[in-house]
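Bear in mind these aren't lab numbers, they're just calculated from the coordinates by the rules spelled out. As the structure is a computational prediction, the values presented were derived from the model and not from experiment. So basically every Cβ, Gly included, is an ideal-geometry build from the backbone, and we count neighbours across all protein chains shown.
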Amino acid sequence: MNAPNSFRTQPDDRGHFGDFGGRYVAETLMPLILELDTAYRAAKADPAFHAQFDDLLEHYVGRPSPLYYAERLTEALRESAPEGYGAQVWFKRDELNHTGAHKINNCIGQILLAMRMGKTRIIAETGAGQHGVATATVCARFGLPCVIYMGAKDIARQAPNVFRMKLLGAEVRPVTSGSASLKDAMNEGLRDWVANVHDTFYIIGTAAGPHPYPELVRDFQSVIGKEARAQMLSRINRLPDLLVAAIGGGSNAIGLFHPFLDDGDVMMLGVEAAGRGLDKEHAASLAGGAPGILHGNKTYLLQDEDGQITEAHSISAGLDYPGIGPEHSWLHSIGRVEYASATDTDALDAFQLLCRTEGIIPALEPSHAIAAVAKRAREMRQDQIILANLCGRGDKDIFTVAEALGVAI
Amino acid sequence: MTILSDAFAKGRPALVAFVTAGDPSPDATPAILDALVAGGADVIELGMPFTDPMADGAAIQSANLRSFAAGTKTADVFAIAKSFRHRHPSVPLVLMGYANPMTVRGPDWFAATAADAGVSGVICVDIPPEEDADLGPALRAAGIDLIRLATPTTDAARLPQVLDGASGFLYYVSVAGITGKQQAAQASIEEAVARLKAATDLPVAVGFGIRTPQQAAAVARVADGVVVGSAIVELVGQHGADAPEPVRAYIASLAAAIASARQDIAA
């Protein structure tokens, strides 16, 4: 396939990223999806919408997030690298955002859109609880009622976030159907939406779902990459050689990658969750899945030969999803972005490494990215630069990590 | 004429009856389908189980889980359809389900296999007209009706797009919601059916939330077909392999109510 003039012009007006994406929803939702698309086009062209979004990101979320050179981590990795190797590791510190992860960027954008559309009730799904907390936060901020669907399995392993959502005034509805995790929460979100189309806005948390969600989530999260690109140029007057981000649905990764897609010298690496191993239970849709249709879009999915969706597994609840955003499927198919994976064990090791070398407790999601960074840095020269997205902080994960390490707290 | 169009040309509204394939087991489904026919169903809607049935309520979700617990595969669904066609050559069977199991081996494979099994039509919940290319052309080439859904949110501007490429019948989803919940107000059904019939010559069948003979009769006064699903599936859930007799009796009560619905008007 010929390289397009730009990698940043997707999707087409029908929401397709090459062979992926689209609008695979029930007829009841189709008029709403079209209405959302119209409303988003209008908002995107409205300077007042951007001004409000930017203002909230600055004064409520705390943006721009810092760009940080991880000197001690870089040194630690160089100790086990060949002579002259061991790239500089930099982090985009999105874990310092209000609510502790990148999810809030998207929620601010979507709730502003919901209010423009006159919607008065918000629903969302959540896996790890970060998107649920971010959604509950913006609902409290703007005084809208909020219902969060969360798998019963995730409620058990993310108790602190469940309590946070309740403190913020959200109603958390446990989902026991199917595998009782993120995909099932999304099914319940869609069921709620289809029954409450007149007043309800569904804030989808990742860059997936029916068009225009993958596009608008990407656009709202692209603040990560836009800031990082400008910060790199202003700090060291050059772009990084490699970008790294963890991928569940892929919103933090597409937010970092998208503004750099046309910078031909910048390589990019998305890191899926390999769970207990790619030959065992995992959540790596690209490495271990095949194209299919679920939750409104065509993309890589974990599925069996009959097209039944199989259960994902990752120690990180936020990566525990059997699909991936359609733009990543497209970027994978054309080879612009490389995709790899890290196991639960790799992530736990990287989690501890960052705690001890930098005094930063990362979430388990970016710990997958850090695991890949540790491997790649040793294969790159010392004058090269890796920029990884530290998309969430690990306070929510300390119980899971303690259990995995056999520590009673 | 096809056996599907014949089913809507009997001089009375058609009763369309849904069950999930493989519930409670692939071996038990044929006798349940026979009971639907014996009770007076005019069209059989056979649900293809899916792990993520996001348009379905608790009753059909549970039916899917029972079907998977019994090990149902896509091959079993087609075997059930094919054996039904042999036993009941003049009763149309339509497959209802979700896009991924229908398209995973490619639309041409699905259309050819469905044609071989004698399937009359296909209803796919999550392929709207905008994404027709994923299934519609293959079905039409195989001579299988693509049955489209219209809903309370399908406005006049959008309706022509829904009707373009639709065949067999038009399925009016009377409630903005999932299967098995509340029924729509009769007045809204009447208004919608009149609007749809003004726009198409296809028979209009109404479904979602219909469970009593009285409700079925009320819908039958205005529509060309009445679709009942969750209430039948609940009987299967309750009686398991012994479901055929209660299902037959229930279907017979609906069929009688539908048959008399328009006579009441005439009288």
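On each of the three principal axes of the Cα atoms of the range B:3-266, give max minus min coordinate, whole Å, ordered largest first.
46, 41, 33
Placing unit charges on C-beta atoms (Lys and Arg positive, Asp and Glu negative, everything else neutral), compute the dipole magnitude of the range B:115-257 about its Cα centre in debye, rounded to 20.
Result for the range B:115-257 is approximately 460 debye, rounded to the nearest 20.
Highest GNM mean-square fluctuation, chain A, Cα pairs closer than 10 Å: which of A:ALA207, A:ALA42, A:ALA170?
A:ALA42
Based on alpha-carbon centroids, what's the gap between the range A:335-409 and the range B:215-257 in Å, whole number please?
Distance between centres, Cα-based: 56 Å.
How about B:LYS82: which lysines have a C-alpha closer than 18 Å to its C-alpha, ignoring those fewer than 8 places off in the same chain?
List returned: B:LYS73.
Just to verify a number: FRET efficiency for B:ASP164 and A:ARG378, C-beta to C-beta distance, R0 = 51 Å, to 0.05?
Numbers: r = 58 Å, r/R0 = 1.14.
Computed FRET efficiency for B:ASP164 and A:ARG378 comes out at 0.30.
Would you work out which of A:THR120, A:ALA287, A:GLY178 lies farthest towards the positive end of the dipole of chain A? Charges go on Cβ: Lys and Arg +1, Asp and Glu -1.
Selected residue: A:THR120.
Which value in Å is the Kirkwood Rh of the range A:257-409 over different Cα pairs?
16.4
For A:GLU327, A:GLU79, A:GLU227, which order do you get if you count the other beta carbons within 10 Å of each Cβ and list the fewest first? Intermediate results must be reported in sequence, preceding the final value.
On the way: A:GLU327 30, A:GLU79 8, A:GLU227 21.
Ascending number of Cβ neighbours within 10 Å: A:GLU79, A:GLU227, A:GLU327.
What residue among B:ILE32, B:ILE178, B:ALA21 has its Cα farthest toward the positive end of the dipole of the range B:3-266, where the charges are +1 on Lys, Arg and -1 on Asp, Glu, each on the Cβ?
Of the listed residues, the answer is B:ILE32.
Note down the magnitude of the dipole of the range B:3-266 about its Cα centre, charges +1 on Lys and Arg C-beta and -1 on Asp and Glu C-beta and zero elsewhere, to the nearest 20 debye. Present the calculation step by step, with values, prior to reporting the outcome.
Numbers: 18 positive and 27 negative charges, 98 e Å.
Once rounded to the nearest 20, the dipole reads 480 debye.
Using 7 Å Cα-to-Cβ label points, what is the A:ARG235/B:SER260 separation (nm, one decimal)?
Going from the A:ARG235 label point to the B:SER260 one covers 8.0 nm.
Out of all DSSP beta bridges with both ends in chain A, state the antiparallel percent to the nearest 5. Present the calculation step by step, with values, prior to reporting the outcome.
Working: 17 of 50 bridges.
Taking every DSSP beta bridge within chain A, about 35 percent pair in antiparallel fashion.
For every helix of n ≥ 4 consecutive DSSP H residues, a contribution of -39,500 (n - 2.57) applies; sum these over chain A, divide by its total residues, and give [θ] at 222 nm rounded to the nearest 500 deg cm²/dmol.
On the way: 16 runs with 169 residues, N = 409.
Value at 222 nm, helices only: -12500 deg cm²/dmol.
Calculate the length of the line joining the C-alpha centroid of the range A:1-56 to that of the range B:34-83, in whole Å.
36
Can you sort A:SER333, A:SER285 so the residue with the fewest Cβ neighbours within 10 Å comes first?
Values: A:SER333 16, A:SER285 31.
Ordered by Cβ neighbours within 10 Å, fewest first: A:SER333, A:SER285.
Counting only the backbone N, which residues of the range A:190-222 are under 11 Å from the spot 7 Å out from the Cα of B:ALA199 toward its beta-carbon?
Of the residues in the range A:190-222, none has backbone N under 11 Å from the label point off B:ALA199.
In peptide B:165-175, how many Cβ atoms from other protein chains are near each Cβ within 10 Å, on average? Present the calculation step by step, with values, prior to reporting the outcome.
Working: counts 0, 0, 0, 0, 0, 0, 1, 0, 4, 0, 3.
That average works out to 1.
Net charge around A:MET267, counting only other residues with Cβ within less than 13 Å of its Cβ (Lys, Arg = +1; Asp, Glu = -1)? Let's see the in-between values first.
Numbers: positive: A:ARG336, A:ARG376; negative: A:ASP241, A:ASP263, A:ASP265, A:GLU338, A:GLU379.
Summing Lys/Arg as +1 and Asp/Glu as -1 gives -3.
Using a Gaussian network for chain A with springs between C-alpha atoms less than 10 Å apart, which of these wobbles most: A:ALA290, A:ALA371, A:ALA342?
Of the options given, A:ALA290 has the highest mean-square fluctuation.
List every residue whose amide H lies under 5 Å from the amide H of A:SER341, counting only residues 5 or more places away in sequence or on a different chain, with H placed 1.01 Å from N in the peptide plane.
When sequence neighbours closer than 5 places are left aside, the close amide H contacts are A:GLU272.
Using the count of nearby Cβ atoms within 10 Å as a rough guide to exposure, how do A:LYS183, A:LYS119, A:LYS103 rank from fewest to most? Before the final figure, lay out each step's value.
Details: A:LYS183 27, A:LYS119 20, A:LYS103 31.
Listing A:LYS183, A:LYS119, A:LYS103 from fewest to most nearby Cβ atoms yields A:LYS119, A:LYS183, A:LYS103.
Quick one: if you stick a label point 7 Å off each Cα along the C-beta vector at A:LYS44 and A:ALA402, how many nm between them?
4.6
For the pairs A:LYS119/A:LYS183; A:LYS44/A:LYS153; A:LYS103/A:LYS153; A:LYS183/B:LYS181; A:LYS103/B:LYS181; A:LYS92/A:LYS183, flag any whose C-alpha to C-alpha distance is greater than 31 Å.
On the way: A:LYS119/A:LYS183 25 Å; A:LYS44/A:LYS153 37 Å; A:LYS103/A:LYS153 21 Å; A:LYS183/B:LYS181 22 Å; A:LYS103/B:LYS181 34 Å; A:LYS92/A:LYS183 28 Å.
Beyond 31 Å between Cα atoms: A:LYS44/A:LYS153; A:LYS103/B:LYS181.
What's the FRET efficiency of B:PHE68 with A:GLU83 using the Cβ-Cβ distance as r and R₀ = 41 Å, to the nearest 0.05?
The value I calculate is 0.15.
Under the 0.36 nm per residue contour assumption, what length would be gained going from the current alpha-carbon distance of A:ALA140 and A:ARG72 to full extension? Spell out each step's value before the answer.
Values: separation 68, 0.36 × 68 = 24.48 nm, distance 3.91 nm.
Stretched fully, the A:ALA140-A:ARG72 segment lengthens by 20.6 nm.
Toward the positive end of the charge dipole of the protein assembly as shown, about the Cα centre and with charges on Cβ (Lys, Arg +1; Asp, Glu -1), which of A:CYS146, A:ILE203, A:LEU34 goes farthest?
Selected residue: A:CYS146.
May I ask you to derive the FRET efficiency for A:ARG8 and B:SER253 from their Cβ-Cβ distance with R0 = 56 Å, giving the value to the nearest 0.05?
Numbers: r = 61 Å, r/R0 = 1.09.
Result of the calculation: an efficiency of 0.35.
Can you tell me the dipole magnitude for the range A:285-409 around its Cα centre, using point charges on the Cβ only (Lys, Arg +1; Asp, Glu -1), in Debye to the nearest 20? Don't skip to the answer; put the middle values down first.
Numbers: 9 positive and 17 negative charges, 105 e Å.
Charge dipole of the range A:285-409: 500 debye, to the nearest 20.
Just to check I understand the Karplus step: with θ = phi - 60° and J = 6.51 cos²θ - 1.76 cosθ + 1.60, what whole-Hz values come out for the range B:110-116, glycine and proline as x?
These are the phi-based 3J(HN,Hα) values: 5, 5, 5, 5, 5, 5, 4 Hz.
What spacing in nm lies between the two simple spin-label points modelled at B:ALA75 and B:ALA115, each 7 Å away from Cα in the Cβ direction?
Each label point lies 7 Å from its Cα, and together they span 2.3 nm.
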